[in-house]
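**Q** Here it is: the structure, laid out below.
The values are calculated or read from the model by the stated rules, or taken from the named source; none is laboratory data. It should be emphasised that the depicted structure is a prediction, and the values quoted were computed from it without experimental measurement. Neighbour counts run over all protein chains shown; Cβ positions are idealised from the backbone, glycine included. Only protein heavy atoms, including side chains, enter the accessible area calculation; ligands, DNA and RNA are left aside. Shrake-Rupley method; radii C 1.70, N 1.55, O 1.52, S 1.80 Å.
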Amino acid sequence: MNKRDMNRRDFLKASGIGTAALALGSTGLLSLGGNKAFAGTPQNSKAAGGYGPLVKDPGGVMDLPRGFQYRIISEEGRSLSDGRPVPAKFDGMAAYPGANNSTILVRNHELSGNTKYPVIGKNPYRREETGGTTSLVVGPDRQVRKEYVSSSGTIRNCAGGSTPWGTWLTCEETLEEGHGYVFEVDPNNPEDKISKTPIRDMGAFSHEATAIDPATGIVYLTEDAGPSYLYRFLPNDRSQRVGALQKGGKLQAAAYEEMSMDETSQFHTGQKFGIVWKDVDPEKPTLDAGRKGCIVFSRLEGAYFEGGVFWFDDTSAGDKDLGRVYRYIPATNTLELFYESTAQNDLEMPDNICITPWGDLWIAEDGGGVDRVIGMTPEGETYVFAENKVNDSELAGPTFSTDGRTFFINIQSPGMTFAIWGPFARKNAARRRLIGHAAPPAAYAPKISDKLSAFAEVQGMSDLEAAAFERHGMPIL
């Protein structure tokens, strides 16, 4: 336990409230459990859009904009409902509707080997392993009603993704023999047979995240390794129900390839490239994708599907290794480079991502210093919503309750899950679709030459698509 964590615990203990909420009031005063009041110090005054500058948290835990509050609803080492300790290393997470207006969270634990707080389940995949998932039932008052193990016996459960049918796909980020698989977890039926059965056709590799196109049932998967590839899984059973993915399917990796052209075309000249998907062996997909010349990324992380668009990020890509954000549009089979960070203050190592209920893109950082939640709007603005002040540990698992009123997020170590609420914008389905086709913030859009832009126009490509091709070494000029 580091010094900064001790300071946080001492502060809360001295105040006599444990994990009570620290409230950032609309008056601009920061209050602790409704007792003492502290003057908020504005931070991040350069933020555009969003909810304004951050207010300094006197507890040294999480800075938020004025008017927002948080409650730490779960901490590693405390007790699950059955008395066992809450496991460590909080990571990816998703929210589902529960009974009586509750929210059910499913949360990953990125654990392997010996650990003080392992995931101890009753029906594990492999009893000797310490990773898995826990679930929390959170009432409308943002208090935990129940906290329990929902899968166990796996390794390094890093990220994953929710399914349209209400389950969680938890992914093993490992190459250890017998592991490196995806497992399906049903929050309403924890530790069942499916939760310990690997979906082998989704591949054995260092998995990071998944996202599913609800229109087709196709699963998109990212790989956190070097080299790193982008995959998709075509299920044999497209019924989109619990257990259907166990019926197998085809695993493919994305590649660039020169496309055939009509020699008589009056609009396109020269060579033209496009995205193709190549079948790969699920038992050795990384090796097979490399042999077949698929697109090599630096280290893929977060994934999210919304409004016909698949979003994903490459956490250490770019000239300064600060990260890129991509979007792939299946309907047009186009890959675009949406954002490329060139300064740590703009974005440092994007990890988990989500689209907010009102249509902004939110990115959780996993950089080398203070990590934040960065927001981008369809109107081309950027802002900071939250900043982790505990230590240099990553933020993970950003997700919203289905009513859009509560934002949940984790600090990985020491493990803490936060419920955050305040004057969030209302749900906006149209704006959620808009972000998938909007131009990126002008100051942060990938820079391309006039020559490449002219080529893109002639070929009927967007500048963002041309940038994606160029960054991956395609000789398109």
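**Q** Any chance you could count how many residues in segment 175-192 are open to solvent by 10 Å² or more (accessible area, probe 1.4 Å), in contact with a Gly (Cβ under 9 Å, 6 or more places away or on another chain) and either over 17 Å from VAL119 (Cβ atoms) or modelled with pLDDT under 95 (or both)?
**A** Here the count works out to 1.
**Q** Say we look at segment 376-423 and pick out the residues that are among the small types (Gly, Ala, Ser), in a loop (DSSP other than H, G, I, E, B) and within 20 Å of TYR117 (Cα to Cα); which of these is least open to solvent (accessible area, probe 1.4 Å)? Reasoning before the result, please.
**A** Within segment 376-423, the subset among the small types (Gly, Ala, Ser) is 380, 386, 393, 396-397, 401, 404, 413, 415, 419, 422.
Checking which are in a loop (DSSP other than H, G, I, E, B) leaves us with 380, 393, 401, 404, 413, 415, 422.
Okay, now just the ones that are also within 20 Å of TYR117 (Cα to Cα), so 393, 413, 415.
Values: SER393: 17, SER413: 51, GLY415: 1 Å².
The qualifying residue least open to solvent (accessible area, probe 1.4 Å) is GLY415.
**Q** OK, next. TYR256 versus (1) open to solvent by less than 40 Å² (accessible area, probe 1.4 Å); (2) at pLDDT 95 or above: which is the lone unmet condition?
**A** If we test TYR256 against (1) open to solvent by less than 40 Å² (accessible area, probe 1.4 Å); (2) at pLDDT 95 or above, just (2) comes out false.
**Q** List, please: which pairs have Cβ atoms under 6 Å, are six or more places apart or on different chains, and start with a residue in segment 189-217 that is β-branched (Val, Ile, Thr) and end with one that is assigned to a helix (DSSP H, G or I) and open to solvent by less than 10 Å² (accessible area, probe 1.4 Å)?
**A** Pairs found: ILE199/LEU245.
**Q** Among the residues of segment 406-419, is any over 16 Å from TYR304 (Cα atoms), of a type in the set (Gly, Ala, Ser) and without any contact (Cβ under 8 Å) to a residue 40 or more places away in the chain?
**A** No.
**Q** Pick from ALA439, ALA466: which is touching a Leu at 6+ places or on another chain (Cβ under 6 Å) and without any contact (Cβ under 8 Å) to a residue 60 or more places away in the chain?
**A** Numbers: ALA439 fails: touching a Leu at 6+ places or on another chain (Cβ under 6 Å).
Only one candidate qualifies: ALA466.
**Q** Within segment 268-313, which residues are among the acidic types (Asp, Glu) and either at pLDDT below 95 or more than 15 Å from the chain's Cα centre (by Cα) (or both)? Before the answer, list the steps.
**A** As a first pass, look at segment 268-313 and keep what is among the acidic types (Asp, Glu): 279, 281, 283, 288, 301, 306, 313.
Matches in segment 268-313: ASP279, ASP281, GLU283, ASP288.
**Q** Among the listed residues THR216, THR197, which satisfies the condition of being in contact with a helix residue (DSSP H, G or I) (Cβ under 7 Å, 6 or more places away or on another chain), open to solvent by 10 Å² or more (accessible area, probe 1.4 Å) and hydroxyl-bearing (Ser, Thr, Tyr)?
**A** Residue meeting the stated conditions: THR197.
**Q** Can you give me the number of residues within segment 347-375 that are free of Cβ contacts under 8 Å to residues at least 60 places away in the same chain, outside any loop (DSSP other than H, G, I, E, B) and more than 12 Å from the chain's Cα centre (by Cα)?
**A** The number of residues fulfilling the criteria is 2.
**Q** Starting from residues that are touching a residue at least 40 places away in the same chain (Cβ under 8 Å) and touching a strand residue (DSSP E or B) at 6+ places or on another chain (Cβ under 7 Å), keep the ones in segment 113-128 and report whichever is surrounded by the most Cβ atoms within 10 Å (Cβ to Cβ). It would help to see each step written out before you state the result.
**A** Filtering segment 113-128 down to residues touching a residue at least 40 places away in the same chain (Cβ under 8 Å) leaves 117, 121-126.
With the extra rule that they be touching a strand residue (DSSP E or B) at 6+ places or on another chain (Cβ under 7 Å), the set shrinks to 117, 121, 124-126.
Details: TYR117: 19, GLY121: 25, PRO124: 21, TYR125: 22, ARG126: 14.
That would be GLY121.
**Q** Kindly indicate whether LEU169 is surrounded by 23 or more Cβ atoms within 10 Å (Cβ to Cβ), out of contact with any Cys (no Cβ under 9 Å at 6 or more places or on another chain) and either without any contact (Cβ under 8 Å) to a residue 12 or more places away in the chain or in a strand (DSSP E or B) (or both). If you could, list the steps in order and put the result at the bottom.
**A** On the way: surrounded by 23 or more Cβ atoms within 10 Å (Cβ to Cβ): yes; out of contact with any Cys (no Cβ under 9 Å at 6 or more places or on another chain): yes; either without any contact (Cβ under 8 Å) to a residue 12 or more places away in the chain or in a strand (DSSP E or B) (or both): yes.
Yes: the conditions hold for LEU169.
**Q** Please find, within segment 305-330, the residue that is surrounded by the most Cβ atoms within 10 Å (Cβ to Cβ) out of those that are outside any loop (DSSP other than H, G, I, E, B) and among the aliphatic types (A, V, I, L, M). Spell out the reasoning first.
**A** Going residue by residue through segment 305-330, those that are outside any loop (DSSP other than H, G, I, E, B) are 305-306, 309-314, 324-329.
Narrowing further to those that are among the aliphatic types (A, V, I, L, M): 309, 325, 329.
Numbers: VAL309: 22, VAL325: 27, ILE329: 17.
Among those that are outside any loop (DSSP other than H, G, I, E, B) and among the aliphatic types (A, V, I, L, M), it is VAL325.
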